[in-house]
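Colleague: This structure is in structure tokens; I'll ask about it shortly.
Laboratory data are not the source of any read-out in this text; all were calculated from the coordinates shown. Small disclaimer: the values here were computed from a predicted structure and weren't measured. We place every Cβ from the backbone using ideal geometry, glycine too, and count neighbours over all the protein chains shown.
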Amino acid sequence: MPSNPTYYNLAHPGTTEGEEHAAHEHHHPFLQHHFEDLGQQHAASTLGMWLFLTTEILFFGAFFFGYALYRNMYPEAWRAGAHHQNWVLGTANTIVLIGSSLTMALAVWAAQTNRRKLTTLLLALTLILGTVFLGVKAYEYNEHIHEGFFPGSHYHNVVDSPALRPGVQLFMIFYFGMTGMHAVHMIIGAGLLLYFIRRAWRGDFGEEYYGPIEVMGLYWHFVDIVWIFLFPLLYLIH
Amino acid sequence: MAHKTDYEDHIGHAPAHHVTSLAVYFGIFFLLMVLTVLTVAAARVNLGVWNTPIAMAIAIAKATAVILWFMHVIHSPRLTWIVVIVSFLWLGVLFVLTFADYLTRHWSMY
């Protein structure tokens, strides 16, 4: 049963229906029926994930644009706001998050090389590092709130000169908005990791079928990339 | 998979079964760590107007390394390359056109 003869058989006129039929009979349990083979399924799912990431790039892009626009208007307030950030914690968190990207990438490798336990372990490590990141972030949020930097009715900035205070509040809106949205993505990623840890442990993945881990990795690395830009923009303004 | 499957003819070479070596993964991680240290060190020094461009250049280098090797775009079909590149092109449109509006608004105040 050739699923799309006009597309596939034109490219490979030599393929007979019989051959395709035989291929379909011992197909992989995770091969969806509308795909020709796992390679095609893999290509389609990574492409689909990249299209989703395109929308994510524009979603975060709007935040980055707003940041750039108001930074251009209130450069001194932005500088003051960045100085209220703990750059040591920011650096530590950057290292933790890039570390989690490494373990995520290695999990793909482990799945590709049929290492079931190592895949599970590396996914679990990714989850742990992600949780450490969120823990540090929570500590930082707590500090900001205690120092009166949370924007809104509780904003009580006694550190900066009165002229700078509204601008610093605007910076903090971007700070909480951008890191908050980033953290929401991390939490979603952590939930996905739990699901994939279970599937990896069950032995779903191997050299033939590792697409879902690859796609999970694309998401996780994207979230890492957002932080790669947030870190210098929010913590390291001179 | 001995022969080239059909979809490969349409969207470039197959992404499946390409295993990136551990040396590449750890090498990229090391590069990202070096660049992180570099960006923090650069921020400790007053480089004047060059501070932000340098920080952004380092961030772009890090993001590129992650996209190409951790996200395996370097071994992806051409179609994926197009989607990735065009994503950033659209981001460029978002920035350039919106800035073209905001940064020129005061010009009309004559």
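Colleague: Taking neighbour counts of Cβ atoms within 10 Å as a proxy for exposure, in what order, fewest first, do A:PHE133, A:PHE59, A:PHE35 appear?
Modeller: Numbers: A:PHE133 25, A:PHE59 13, A:PHE35 17.
Least to most surrounded, the residues fall as A:PHE59, A:PHE35, A:PHE133.
Colleague: Would you tell me the mean number of C-beta atoms belonging to other protein chains that fall within 10 Å of each C-beta in A:89-98, as a whole number?
Modeller: Mean partner shielding for this stretch: 3.
Colleague: Taking the Cβ of each residue in A:TRP109, A:TRP227 as the centre, tally the other Cβ atoms inside 10 Å and list the residues starting with the fewest.
Modeller: On the way: A:TRP109 20, A:TRP227 24.
Placing the least packed residue first, the sequence is A:TRP109, A:TRP227.
Colleague: Let me see the pair-distance distribution of the range A:119-215: every alpha carbon pair, 10 Å bin width, integer percents in order.
Modeller: Going from the shortest bin to the longest, the percentages are 14, 33, 21, 16, 11, 4, 0.
Colleague: What is the Cα convex hull volume of the range A:51-101 when expressed per residue in Å³? Working shown, then result.
Modeller: Working: hull volume 3.9 nm³, N = 51.
Taking the convex hull of the Cα positions in the range A:51-101, it is 77 Å³ per residue.
Colleague: Which length gain, in nm to one decimal place, applies between A:PHE63 and A:GLU143 when the Cα-Cα distance is subtracted from 0.36 nm times their residue separation? Write out the running numbers ahead of the final one.
Modeller: Numbers: separation 80, 0.36 × 80 = 28.80 nm, distance 2.33 nm.
Gain on stretching A:PHE63 to A:GLU143: 26.5 nm.
Colleague: Give a residue-ordered list of calculated ³J(HN,Hα) values for the range A:44-61 (Karplus: 6.51 cos²θ - 1.76 cosθ + 1.60, θ = phi - 60°; whole Hz; x for Gly, Pro).
Modeller: Rounded to whole hertz, the list is 5, 6, 5, 5, x, 5, 5, 5, 4, 5, 4, 5, 5, 4, 6, 4, 6, x.
Colleague: Going from the alpha-carbon gyration tensor of the range A:83-173, what semi-axes, largest first and in whole Å, does one get by taking the root of 5 times each eigenvalue? Don't jump to the answer; show the numbers that get you there.
Modeller: Details: eigenvalues 317, 23, 17 Å².
Three semi-axes, in Å: 40, 11, 9.
Colleague: For peptide A:62-73, how many partner chain Cβ atoms fall within 10 Å of a residue's Cβ, on average? Write out the running numbers ahead of the final one.
Modeller: Values: counts 3, 0, 3, 6, 1, 0, 5, 5, 0, 1, 3, 1.
Other-chain Cβ atoms within 10 Å of each residue's Cβ, averaged: 2.
Colleague: P(r) of chain A in 10 Å steps, Cα pairs, percent per bin?
Modeller: Result returned by the calculation: 7, 26, 25, 18, 12, 7, 4, 1.
Colleague: How crowded by other chains is B:61-73, given as the mean number of beta carbons from other chains within 10 Å of each beta carbon? Provide the component values of the computation, followed by the final result.
Modeller: Numbers: counts 1, 8, 7, 1, 2, 8, 5, 0, 2, 13, 16, 7, 3.
That average works out to 6.
Colleague: What's the extension gain from B:LEU79 to B:LEU31 if we count 0.36 nm per residue and subtract their Cα-Cα distance?
Modeller: Working it through step by step, the gained length comes to 14.5 nm.
Colleague: Using the Cα centre of the range A:25-157 as origin and beta-carbon charges of +1 (Lys, Arg) and -1 (Asp, Glu), tell me which of A:LEU129, A:LEU69, A:LEU47 is placed farthest towards the positive end of the dipole.
Modeller: A:LEU129
Colleague: With runs of 4+ DSSP H residues as the only contributors, calculate the mean residue ellipticity of chain A at 222 nm using -39,500 (n - 2.57) per run, divided by the residue total and rounded to the nearest 500. Could the numbers behind the result be given before it?
Modeller: On the way: 8 runs with 181 residues, N = 238.
Value at 222 nm, helices only, nearest 500: -26500 deg cm²/dmol.
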